[in-house]
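Working notes, structure below.
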There are 2 protein chains.
Amino acid sequence: MKVSIFDVARRAGLSVVTVSRVLNGAASVRDKNREKVLQAMKELDYRPNASARSLAKGKTGIIGLTLRTLQDSFFDAVAKEINDRLAERGYYLALSVSPEGEGSPAHSTFKEDRVDGVLLLSPIREDESVLELKRRKIPVVLLDNQMRHSPAPSVIVDNFKGGFDAACHLIGLGHRRISHIAGPGPFLSSRERERGFRAAMAEAGLQPFSVERGTFRISSGYEIAERWIRADRLPTAVFAADDNIALGVMDACKNAGLRLPRDLSVVGFDDQPYAAEFRPGLTTVRQPAGQIARHGVELLLKRIEGAPQRSVTVKLEPELVVRESAAPIA
Amino acid sequence: MKVSIFDVARRAGLSVVTVSRVLNGAASVRDKNREKVLQAMKELDYRPNASARSLAKGKTGIIGLTLRTLQDSFFDAVAKEINDRLAERGYYLALSVSPEGEGSPAHSTFKEDRVDGVLLLSPIREDESVLELKRRKIPVVLLDNQMRHSPAPSVIVDNFKGGFDAACHLIGLGHRRISHIAGPGPFLSSRERERGFRAAMAEAGLQPFSVERGTFRISSGYEIAERWIRADRLPTAVFAADDNIALGVMDACKNAGLRLPRDLSVVGFDDQPYAAEFRPGLTTVRQPAGQIARHGVELLLKRIEGAPQRSVTVKLEPELVVRESAAPIA
DNA sequence: ATTTTTTAGGAAAACGTTTACTGCCTATAT
DNA sequence: ATATAGGCAGTAAACGTTTTCCTAAAAAAT
């Protein structure tokens, strides 16, 4: 029942080798024969067997991607783009979603040697799995690496510049009392955004009105803003380390009867899809998800297919997306 | 370099068959020999080759899951749960995210016969891919099927009951002027939720204050609520076909200076993770994502491993999650 | 026309497992 | 003690491709 390459060969009146050749787009097949083979394939509705192929080639054509969660739309966007880029190049993507620490990449799909290479998205620390991958000589590329040093080729985002630009935008709008709500400490991106913010302020000769530390959650921003309101100690503008925090801040303000952006200007980070949907639309720093994915795939495939070139780091620039949540000071 | 089953066999002083047997947990291996094999594996850091395995067994151990997007947290939750359940049973999950219509499951991972079975999440119509899968005798199970009829075993949610319960909740709080914002027509779930809503209203002897039709987006809810406010024709309560719509409605109200839930009670549908994070916390109908995943996996694996039993449909009940966004009428 | 080069296609040997099938050896029953 | 069954382990044949030679034919050069 299962139609194999032999059946196709027989039908086409040629050998399996020839069939294999047209399958792999190899040259040296007469046009007429190629036609015959294609015809036979179509007639028999032939599908090459992936396992057999992988076995013979010694490659699976599968790339693993590990990430902590898909709930995050930045991760989601990166994953989607990676998937598309890989598809273009004839590879498949295998996801491994796991909360980091416990069995990340060594986990699930990557246990047997099912993958030709692995992409690690936002790894926080060099856990056991990275080591194992390296030991087993499986090519790895780090995306949005959150570690100080990089144990492998990486694609990173210039979070410093993102924070810097965000602050500049607010300063440029005439604000002087500007606060920052930073993200969790373990994330390099949090620390860099904060550093960028501080640098811009310093450059303008300003002191931060305040700097808080939150988690990347709506409720976190809400609580901090609520505290500000209760204490009647509100800045005129705030730069939040991510869109969730920003949205939480705005929600608290709305509930307190404040008008946005009149009473408070807000800038976020990430450009989550719903950042544009609440009103006023959130001004935010967009992460170049597409570029991260493209560069990551490029780097990894080069490593897999070509020479094991030196460990590189690609740094990408985020982009300020101006909407309505940050306005000139009243 | 690559260590194969032969190397293990040699080291253990046994034949490859024996090694294979302990690999597959087959009985009939003397404990002492099993030990030897395990020891040899460990010493050589042996990893079985997945491709060879699949080829020999005629099974890949991979299950495909197609969905339209991962941005949706319901889909995301289902996907995650499926992944875990499959892992428990020794299977791997391959995602295929594509906007439906164009190359869904036939697409990407499922082109060659790489999968042992496929799960279709929220399919809207019986597109070409379902047909192809059936033609190729690849087991399929539909999750949250959105079609009137079901071309394969399905796991569905009782959306009628969800809508019914939501309406009852509002009625029970004393509301009489209750509106509904329905989702897009093509979704069976939209239509069922609306039907449930209407049934509950009718049973209470009430007319819907109004029924609108929106899309599953925040901005959609926002615009509708804004229109209500401008026209000064606000219900006292609204049941939205999903959380996004509900959140949009609430956002518009907040911006208009209304107090929630005093001025408007809102009930959503889905229980998206951020439904609980904005204030007031959204009262909503939770989809049993975990159960859907579990039943789906169960059904599919039974079909793959066991007898091709009759086409079944499992119907699951959603659950009303009460938070603060719906309150007794003032 | 003959020799040399290029091109196209085939035979056979991988690739690393699993799965019959066979036979030995050791208990158990007679 | 002998026949019998049953548990264990091994040999060989799949599984469906690709790849490495190698040869025949065709094209180019002499």
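One quarter of the convex hull surface built on the alpha carbon atoms of the stretch B:176-219 amounts to 3.1 nm², the projected area averaged over directions.
The amide H of A:ILE156, built 1.01 Å from its N in the peptide plane, has A:ASP144, A:VAL314, A:LYS315, A:LEU316 as neighbours under 5 Å, considering only residues 5 or more places off or on other chains. Under 5 Å between amide hydrogens, built in the peptide plane, is the criterion, and for A:GLY64 it picks out A:ALA94, A:ASP116, A:GLY117, A:VAL118, A:LEU119 among residues at least 5 positions away or on other chains. Couplings for the stretch B:314-330, taken from phi via the Karplus curve 6.51 cos²θ - 1.76 cosθ + 1.60 with θ = phi - 60°, read 9, 10, 10, 9, x, 9, 6, 10, 8, 10, 9, 6, 10, 10, x, 5, 5 Hz in order; Gly and Pro are left as x.
Computed from backbone phi, the HN-Hα couplings of the stretch B:6-14 come to 5, 4, 4, 4, 4, 4, 7, x, 9 Hz, rounded to whole numbers (Karplus: 6.51 cos²θ - 1.76 cosθ + 1.60, θ = phi - 60°; Gly and Pro given as x). Residue by residue, the stretch B:168-177 carries 3J(HN,Hα) couplings of 4, 4, 5, 4, x, 7, x, 6, 10, 9 Hz when phi is fed to the Karplus relation 6.51 cos²θ - 1.76 cosθ + 1.60 (θ = phi - 60°); x denotes Gly or Pro. Based on the Stokes-Einstein relation at 20 °C and a viscosity of 1.002 mPa s, and on the Kirkwood radius from alpha carbon pairs, the protein assembly as shown is assigned a translational diffusion coefficient of 78 µm²/s. Of interest is the spacing of the C-alpha centroids, which for the stretch B:149-207 and the stretch A:4-77 amounts to 48 Å. Helical runs (DSSP H, four residues minimum) scored at -39500 (n - 2.57) apiece and divided by the length of chain A put the mean residue ellipticity at 222 nm at -13000 deg cm²/dmol.
Peptide A:47-59 is shielded by partner chain Cβ atoms: per residue, an average of 6 of them sit within 10 Å of its Cβ.
Axis angle, to the nearest 10 degrees, between helix B:188-203 and the longest C-alpha principal axis of chain B: 40 degrees. Could you work out which residue, out of A:PRO280, A:PRO153, A:PRO123, moves most in a Gaussian network model of chain A, that is, has the largest mean-square fluctuation with Cα springs under 10 Å? Largest GNM mean-square fluctuation: A:PRO280. Residues whose amide H falls under 5 Å from that of A:ARG286, counting only those 5 or more places apart or on a different chain, are A:ASP270, A:GLU319, A:LEU320, A:VAL321, with hydrogens built in the peptide plane. Here the extension length gained between B:ALA330 and B:LYS2 equals 110.7 nm, from 0.36 nm per residue of separation less the Cα-Cα distance.
With the alpha-carbon atoms of the stretch B:181-330 aligned to their principal axes, the span from lowest to highest coordinate is 61, 33, 26 Å, starting with the largest. Looking at the square roots a ≥ b ≥ c of the eigenvalues of the Cα gyration tensor of chain A, which shape do they give, rounded for a/c under 1.5, prolate if a/b is larger than b/c, or oblate? Note, shape of chain A comes out prolate.
Other residues lying with their Cβ under 11 Å from the Cβ of A:HIS180 contribute a combined charge of +2, Lys and Arg counting +1, Asp and Glu -1. A crude spin-label estimate for the pair B:ASN24 and A:ARG89, with each label 7 Å from Cα along the Cβ direction, gives 3.6 nm. The spacing between the stretch A:253-330 and the stretch A:216-252, judged by their C-alpha centroids, is 18 Å. With both labels modelled 7 Å from their Cα along Cα-to-Cβ, the A:VAL16 to B:GLU132 distance reads 2.6 nm.
The calculated P(r) of the stretch A:111-184, using every Cα pair and 10 Å bins from 0, goes 16, 36, 20, 16, 9, 3 in percent. Taking other residues whose beta carbon is less than 11 angstrom from the beta carbon of B:VAL312, and scoring Lys, Arg as +1 and Asp, Glu as -1, yields +3. Legend: mean number of C-beta atoms from other chains within 10 angstrom of residue C-beta atoms, peptide B:275-285, equals 3.
Magnitude of the charge dipole for chain A, about its Cα centre and with charges confined to Cβ atoms of Lys, Arg (+1) and Asp, Glu (-1), is about 1160 debye. The listed peptides B:255-267, A:233-245, ordered by packing as a protection proxy, come out as A:233-245, B:255-267 (highest mean of other Cβ atoms within 10 Å first). Taking 0.36 nm per residue of separation and subtracting the current Cα-Cα distance, fully stretching the chain between B:LYS59 and B:THR215 would add 52.0 nm. Charge dipole (Cα centre; +1 on Lys/Arg Cβ, -1 on Asp/Glu Cβ; no other charges) of the stretch A:5-48 amounts to roughly 100 debye. Peptide B:90-97 is shielded by partner chain Cβ atoms: per residue, an average of 5 of them sit within 10 Å of its Cβ.
Only the coordinates and a few stated rules stand behind these numbers; no lab work does. Because the structure is predicted, anything quoted here is derived from the model rather than measured. Heads up, the Cβs are rebuilt from the backbone with ideal geometry, glycines too, and the neighbour counts pull from every protein chain shown.
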